Amino acid sequence: MNFLNKTLIRKLAVVLVLKLIVLMTLWWFFVREQQVKVDGNRVAAQFLQSAPHPAQGVSQ
């Protein structure tokens with residue numbers, strides 16, 4: 001591997017690490033505290049219902 005390839009790999013690694021740090025920081029400040037409440041009965045009803053009917057006026 002020549003010098004240019006090593007430099008390219010190093011630069012790409014730095015960029016990927018920086019992007020990961022930015023994404024983790026954004027997640028930490030904006031998403032971490034979000035919660036989704038799930039009702040088990042509603043989930044079961046959603047999965048057990050019959051297949052949805054196609055919209056009126058749509059031909060197949």
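The values are calculated or read from the model by the stated rules, or taken from the named source; none is laboratory data. Small disclaimer: the values here were computed from a predicted structure and weren't measured.
Among the residues examined, PHE3 does not qualify as at pLDDT below 90 and under 26 Å from the mean Cα position of the chain (by Cα). For LEU20, are the conditions met, namely being over 26 Å from the mean Cα position of the chain (by Cα), of a type in the set (A, V, I, L, M) and either at pLDDT 90 or above or assigned to a helix (DSSP H, G or I) (or both)? No.
The test for being of a type in the set (Val, Ile, Thr), modelled with pLDDT of 95 or more and part of a helix (DSSP H, G or I) does not hold for VAL43.
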